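Presented below is the structure to which this report refers.
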Amino acid sequence: MSGPNTDYDPVEVTPLKPEEVESARDAALAAIAAASDLAELKQVRIDHTGDRSPLALANREIGALPPQARKEAGQRIGQARGAVAKALGERQAVLEVEHEERILVEETVDVTLPTDRARPGGRHPITLQSELIADIFVAMGWEIAEGPVVEAEWLNFDALNLGPDHPARTLQDTFWTEPVDHHVVLRTQTSPVQARTMLTRTPPIYVACPGRVFRTDEYDATHSPMFHQVEGLVVDEGITMAHLKGSLDHLAGQLFGAGIDTRFRPSYFPFTEPSAEVDVRCFVCRGVDSAECRTCRGEGWIEWGGCGVVNPRVLTACGVDSERYTGFAFGMGIDRSFMFRHDLEDLRPLFEGDVRFSAAFGTEI
Amino acid sequence: MKTPLSWIKDYVDVPADVTTAELTERLTMTGLKLESIHSPGADITGPLVVGRVLTMDPEPQKNGKTINWCTVDVGDANGTGEPQGIVCGAHNFAPGDLVAVVLPGGVLPGGFAISARKTYGHVSAGMICSARELGLGEDHDGIIVLPEGSGEPGQDVRPLLGLDEEIIELEVNPDRAYGLSLRGIARDVEVSVAGASGFRDPALRETPPADDAGWPVEVEDPEGCPVFVARTVSGFDPTAPTPDFIAQRIQAAGMRPISLAVDVTNYVMLETGRPIHGYDADKVQGTVRVRRARDGETLTTLDGTRRQLSAEDLVVTDDSGIIGLGGVMGGETTEMSATTTRVLVESAHWDATSMFRTGKRHKISSEAGKRNERGVDPTICEAAADRVVELLTTYGGATADPGHTVVGTPPTAAPITMAASLPARISGLDVDADQVVADLEAVGCTVERDGDRLTATPPPWRPDVRDPHDLVEEVVRLRGYDRIPSVLPKAPGGRGLTRAQALRRRVGRTLAGAGWVEVVDFPFVGDADLDALGLPADDPRRSVLRLSNPLSAEAPAMTTTLLPALLRTAARNVGHGTTSVAIFETASVTLPRSTGPAPILPVDRRPTDAELAALVEALPDQPLHLGLVATGDAVPAGWWGAGRPVDWSDAVGAVRAVADALGLALTTRPAALAPWHPGRCAELLLGDVVVGHAGELHPRVCTTFGLPARSVAAEVDLEVLLEHAVHLRPAPAFSTYPVAKEDVALVVDASVPAGDVEAALREGAGELLESLRLFDVYTGDQVGEGRKSLAFNLRFRAPDRTLTEDDIVGAREAAVALAAELTGAQQRS
Ligand SMILES: [Zn+2]
């Protein structure tokens, strides 16, 4: 190491000659310019600015100069070293960028490779459809009521004005549990949930009841022993069929698109009086030039479900004051709604569990 | 109910400009829904004309058949006016007869195109038609011979044969039994079709007064049979043909013409709605009686079935015994036949409930039963009988016998009182009292008005009208359901989804997000399924609730477990070529309880809470279960390397993920339960409560269900998890002081569950332990036979300070010490 040298040599020091300094500087600059990668530049740095490099050695000799010569030599060497350091820095930056670019190029992958490491999951479309319908009712301030599928005969039939000799009982082919005289059935409709609701709550009642129901239908493209229904029940003061129509129009619009409404036709259900069949306007052709429409088969309307004013006999059996309150109820098939909403002709894929079917719907419909 | 439109118009005048579409639309909108319209001749196109047979030359053929070479005058329908040469194989006609001829270019039902063709040595230019060829009936092979004077050659024959008739089919709901008659339909046309008028009631006729000269009848059960009318005719010609209009009409209604006597009773039933039974009077012995059957009695009905009767069945008897199942079906012994010349006409009113029960008990579904069980007008028994007598005398050459037996009086309808404002209050329509009265009268009610109170007596053909709301429906259907306004009701602020409902969605999303696919299966199960799971005889899942009328003998009960259906579904997917499957289902299972029957409670009042409790108590438990099954790869092989097949931990992990989504932590311990592999089944616990099981399936179960080996499954009681789901989670507090990481390797006996060691470490480490994770399990020479090494990573941290070396070593040693004490663990050096 060279510390301050007081014992300087009066003789001029060779490395401090201006031409030597210039030559060393030029050699360094040339080497820097010639360095083609960071490793070479590192060696250049060692060779030309390291302890044993000519400029470092020269710098060390400055102290040996007479004081009057130091300034000039110092300036000369300082400039040379500055120029080298600057060139080094610049070259370093250039080479770093080059290096990074080269690495990035080398690291290129084929981003078109498949990325299907994770299995796609999905929820059942009927679950999703039920939830969608439930959300529509919840948004109206209604609540979602539920009940068991293995149900008391009284709640499935008698309480709903379907006495044991009612002809309409034979319209609903019922699964009975053993022994038959225990009066327990698989519910044929979600209406027993309505009965349970009226029996346990006091009006105002605004509920929708989605769920599984059962009929002894042989399984084919349009029948299933198990299917899904949603029913609605409102019991309040001053409720009329106009409120029923309003609720169903709203549901139709939310489910099938703005402007899709419903129409009523007189019908018969023991649970309601007056009763109506409800058709929903075809959301594909909207009832205009329906002739060719596959969805509504040229009708302009699609049969959707049944509805009506809750029969006062039902209110009485369920402990609701039928003088003070009126109510309405409706019901429709969730599977059926799903089928025409999603253009499905055969219902069996709904119950056969092929993962390709559910997975196609993901987690929202 | 099917009927030709023209028949309806026999009883009501409809303006000529009302189209069929308009008329049926109005009927639909007032309660008789149009099912279909069709014409018998809809499938026939081209020239189908009246022809007169001019000549008819029989020509025997080599094959033994004789054909007729005919010339037929078809006017100028053939374009030339020359007689048409036609070969015909039938023989039931003669020169001079009027026949139906289809000319070349015509197409008959079944797409049968007619052209001039060479046959039997002639060019046959057309065809002389039989009823079968025109689609008018299967029974008639002979050529149709038209009555003389019914038309001119060359004229379109369709109107003469009723081929251009429009037949409408209406759906008749249980409350509109009157719609099962022309009488009822025509009346509804009058009240619902604008401009329709002049309803002529076919049941409104002068009938001879009752007397004692008729067939003796005694009714022992006037409740079951309030009215019994008997009439007889003699000198009936059993060979008399049924007039075409009757045959065509009952055929249009979907009934088969049989014989004049039978066809007439059916015709009058369609016309009036009143079922009539005809007996061969010569076969009926002595007084006709109506009573309930006695247990053990039998009857062979018209259809040849011998029936065991019940004490609830109403029967008709004579001196020989039972001769008919009243109102449902007649007996064989008194059936009318080809030799019947005296007819006993029974027109009786029967109790609808008895009819319903008898029909159901004997599984008889007949046109008569359908009407009797829904309710028929009890006041028209005499008129209907008289109408039958009229037709039998007119078309069958019979003479009406003197004597008119009428037993009993028709029940009367109870008047109904309601506020005149009720229809408006119920429907939301603006309808005033005058309109209400007018509408009720239009449908046949007699109405008394006292201010706002109306007392309406329903007409006898409306036994379904019992309540004020029934009257409201009559008013609303006439005002028009399409005029009901649309008003959204304002519900009070709701509470949204219940917590359980919201959590169920969360469970579904969690599993779907983790790659599981939801399926929906039928909840039916059979012993074979439970055997296939390998359940031992005393497994509680074998205690199933059976169905008395299952669709399939293989699955006659409600399932106690979701697994059989899931395993079958998984196998089906594999069969379809989806080799990696992960499916789940959330559904209730049915766990029977030993309880008594569910009571049938009254309906004229709210049941008491105790009665309701008894009702609910009688039902089985139906907890919501979560089941899942996976097979194949959890991660597929790919360019990233080898895949990973599913293993037991995927099943446990999925349930844990669900629990985690509910804010719950489950613990596991080894268990042996079918259908799982006895060494690879985890019992899942929430605290001390076992909530389910998960793991790898028993190899035999995989084989039985046709699943690949090492498939996995889980089933848990989701109900318990939902109940305990954490509602409010406190915000976490975490320390920002440095963490101290310590690894510990412990050697234990191979049989010691890692969970036990982990629990011991956790407890021993005390409150400085922030987390603990098992990161390696090693077995092999270095730890010795029957031993395993478990490597844990422990992280220590204090909330308020940086831990010292002493703190850390102390906690770690305490952890290891407790693990050693509780599980025999030795620290691996
Ligand atoms: Zn359409």
**Asked** Is segment B:565-588 home to any residue that is of a type outside the set (Asp, Glu), in a loop (DSSP other than H, G, I, E, B) and under 21 Å from B:ALA674 (Cα atoms)?
**Response** no
**Prompt:** Just one of B:ARG374, B:ARG306, B:ARG387 is over 20 Å from B:MET255 (Cβ atoms) and open to solvent by 10 Å² or more (accessible area, probe 1.4 Å); which is it?
**Reply:** B:ARG306
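In a strand (DSSP E or B), more than 16 Å from the ligand (Cβ to nearest atom) and at pLDDT below 95: does that describe A:TYR219?
No.
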**Request:** Give, as residue ranges, the helices (runs of 4 or more DSSP H) completely inside segment A:310-365 that count at least 1 residues that are among the acidic types (Asp, Glu) and assigned by TED's automatic domain parsing to the domain that holds A:ILE260.
**Result:** A:334-341
**Message:** Can you tell me how many residues within segment A:305-348 are open to solvent by less than 10 Å² (accessible area, probe 1.4 Å) and either within 16 Å of the ligand (Cβ to nearest atom) or without any contact (Cβ under 8 Å) to a residue 60 or more places away in the chain (or both)?
**Reply:** 1
**Request:** Consider A:THR363 carefully, then state whether it is surrounded by fewer than 21 Cβ atoms within 10 Å (Cβ to Cβ), free of Cβ contacts under 8 Å to residues at least 12 places away in the same chain and within 10 Å of chain B (Cβ to nearest Cβ).
**Result:** no
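Here's the yes/no breakdown for (1) more than 27 Å from B:VAL646 (Cα to Cα); (2) surrounded by fewer than 18 Cβ atoms within 10 Å (Cβ to Cβ); (3) at the interface with chain A (Cβ under 7 Å from one of its Cβ atoms):
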residue: B:HIS469; (1), (2), (3): yes, no, yes
residue: B:LEU478; (1), (2), (3): yes, no, no
residue: B:GLY493; (1), (2), (3): yes, yes, yes
residue: B:ARG499; (1), (2), (3): yes, yes, no
residue: B:GLY508; (1), (2), (3): no, no, yes
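Could you pull out the residue among B:GLY121, B:GLY106 that is open to solvent by less than 60 Å² (accessible area, probe 1.4 Å) and either touching a Pro at 6+ places or on another chain (Cβ under 7 Å) or of a type in the set (Gly, Ala, Ser) (or both)?
Step by step, each of B:GLY121, B:GLY106 is checked, and only B:GLY106 is open to solvent by less than 60 Å² (accessible area, probe 1.4 Å) and either touching a Pro at 6+ places or on another chain (Cβ under 7 Å) or of a type in the set (Gly, Ala, Ser) (or both).
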**Prompt:** Would it be correct to say that A:ARG297 is within 13 Å of the ligand (Cβ to nearest atom), part of a loop (DSSP other than H, G, I, E, B) and more than 15 Å from A:ASP261 (Cα to Cα)?
**Reply:** yes
**Asked** Looking at (1) assigned to a helix (DSSP H, G or I); (2) closer than 23 Å to A:SER275 by Cα; (3) within 10 Å of another protein chain (Cβ to nearest Cβ); (4) not hydroxyl-bearing (Ser, Thr, Tyr), which is the one condition that is false for B:ASP439?
**Response** (3)
**Asked** Out of all the residues in segment B:281-303, which are surrounded by fewer than 21 Cβ atoms within 10 Å (Cβ to Cβ) and farther than 20 Å from B:ARG361 by Cα?
**Response** B:ASP282, B:LYS283, B:GLN285, B:GLY286, B:THR287, B:ARG289
**Request:** Take A:VAL234 and decide whether it is more than 9 Å from chain B (Cβ to nearest Cβ) and modelled with pLDDT of 95 or more.
**Result:** no
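So that you can scan it fast, the table gives a plain yes or no per residue for (1) within 14 Å of another protein chain (Cβ to nearest Cβ); (2) modelled with pLDDT under 90:
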{"residue": "B:TRP7", "(1), (2)": "no, no"}
{"residue": "B:GLU22", "(1), (2)": "no, no"}
{"residue": "B:GLY31", "(1), (2)": "yes, no"}
{"residue": "B:SER39", "(1), (2)": "no, yes"}
{"residue": "B:VAL49", "(1), (2)": "no, no"}
{"residue": "B:LYS62", "(1), (2)": "no, yes"}
{"residue": "B:ALA90", "(1), (2)": "no, yes"}
**Prompt:** If you take the residues in segment B:589-608 that are exposed (fewer than 15 other Cβ atoms within 10 Å of the Cβ) and more than 9 Å from chain A (Cβ to nearest Cβ), which one is farthest from B:SER543 (Cα to Cα)?
**Reply:** B:THR608
**Fill in**
Log entry, pairs with first residue in segment B:549-576 being more than 10 Å from chain A (Cβ to nearest Cβ) and farther than 18 Å from A:VAL150 by Cβ, second being charged (D, E, K, R) and outside any helix (DSSP H, G or I), beta carbons closer than 6 Å, six or more apart or on different chains, reads B:LEU563/B:GLU715
**Fill in**
Per the list (1) in a loop (DSSP other than H, G, I, E, B); (2) in contact with an Asp or Glu (Cβ under 6 Å, 6 or more places away or on another chain); (3) modelled with pLDDT of 95 or more, residue check on B:ARG291 breaks on (1)
**Asked** Residues of segment A:60-95 being open to solvent by 60 Å² or more (accessible area, probe 1.4 Å) and among the polar types (S, T, N, Q), which ones?
**Response** A:GLN68, A:GLN75, A:GLN79
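Considering only residues that are touching a residue at least 60 places away in the same chain (Cβ under 8 Å) and within 8 Å of chain A (Cβ to nearest Cβ), look in segment B:480-489 and name the one that is nearest to the chain's Cα centre (by Cα).
Across segment B:480-489, the extreme among qualifying residues is B:TYR481.
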**Complete:** The correct count of residues that are in contact (Cβ under 8 Å) with a residue 12 or more places away in the chain and under 26 Å from the mean Cα position of the chain (by Cα) in segment B:1-31 is 8
**Message:** Pairs needed: first member in segment A:272-294, assigned by TED's automatic domain parsing to the domain that holds A:VAL309 and open to solvent by 60 Å² or more (accessible area, probe 1.4 Å); second member anywhere, more than 9 Å from the ligand (Cβ to nearest atom) and of a type in the set (Phe, Trp, Tyr); C-beta distance under 9 Å; at least 6 residues apart or different chains.
**Reply:** A:ARG281/A:PHE256; A:VAL284/A:PHE340
**Residue selected from segment A:246-266 under the condition aliphatic (A, V, I, L, M) and part of a loop (DSSP other than H, G, I, E, B), by the criterion nearest to the other protein chains (Cβ to nearest Cβ)** = A:ILE260
**Prompt:** Listed residues B:ALA338, B:ALA352, B:ALA368, B:ALA348; which is open to solvent by 60 Å² or more (accessible area, probe 1.4 Å) and touching a residue at least 60 places away in the same chain (Cβ under 8 Å)?
**Reply:** B:ALA338
**Prompt:** Which helices (runs of 4 or more DSSP H) sit wholly inside segment B:465-553 and have at least 1 residues that are among the polar types (S, T, N, Q)?
**Reply:** B:499-513
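Taking the condition within 10 Å of another protein chain (Cβ to nearest Cβ) and either crowded, with 21+ Cβ neighbours inside 10 Å or within 16 Å of the ligand (Cβ to nearest atom) (or both), does A:PHE269 pass?
It is true that A:PHE269 is within 10 Å of another protein chain (Cβ to nearest Cβ) and either crowded, with 21+ Cβ neighbours inside 10 Å or within 16 Å of the ligand (Cβ to nearest atom) (or both).
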**Subset of segment A:135-184 (residues that are of a type in the set (Gly, Ala, Ser) and within 7 Å of another protein chain (Cβ to nearest Cβ))** = A:GLY141, A:ALA152, A:ALA159, A:ALA168
**Prompt:** Has segment A:222-229 got at least one residue that is without any contact (Cβ under 8 Å) to a residue 60 or more places away in the chain, in a helix (DSSP H, G or I), facing chain B (nearest Cβ under 10 Å) and under 27 Å from B:VAL544 (Cα atoms)?
**Reply:** no
**Asked** How many residues are outside any loop (DSSP other than H, G, I, E, B), small (Gly, Ala, Ser) and within 9 Å of the ligand (Cβ to nearest atom) if we restrict to segment A:272-290?
**Response** 1
**Prompt:** Got at least one residue in segment A:249-259 being within 11 Å of the ligand (Cβ to nearest atom) and touching an Asp or Glu at 6+ places or on another chain (Cβ under 7 Å)?
**Reply:** no
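The values are calculated or read from the model by the stated rules, or taken from the named source; none is laboratory data. This structure is a prediction, so every number in the text was calculated from the model and none was measured. Quick reminder, even Gly has a Cβ in these numbers, built from the backbone with ideal geometry, and neighbours come from all protein chains shown. Ligands, DNA and RNA are excluded from the accessible area calculation, which covers all protein heavy atoms including side chains. Shrake-Rupley method; radii C 1.70, N 1.55, O 1.52, S 1.80 Å.
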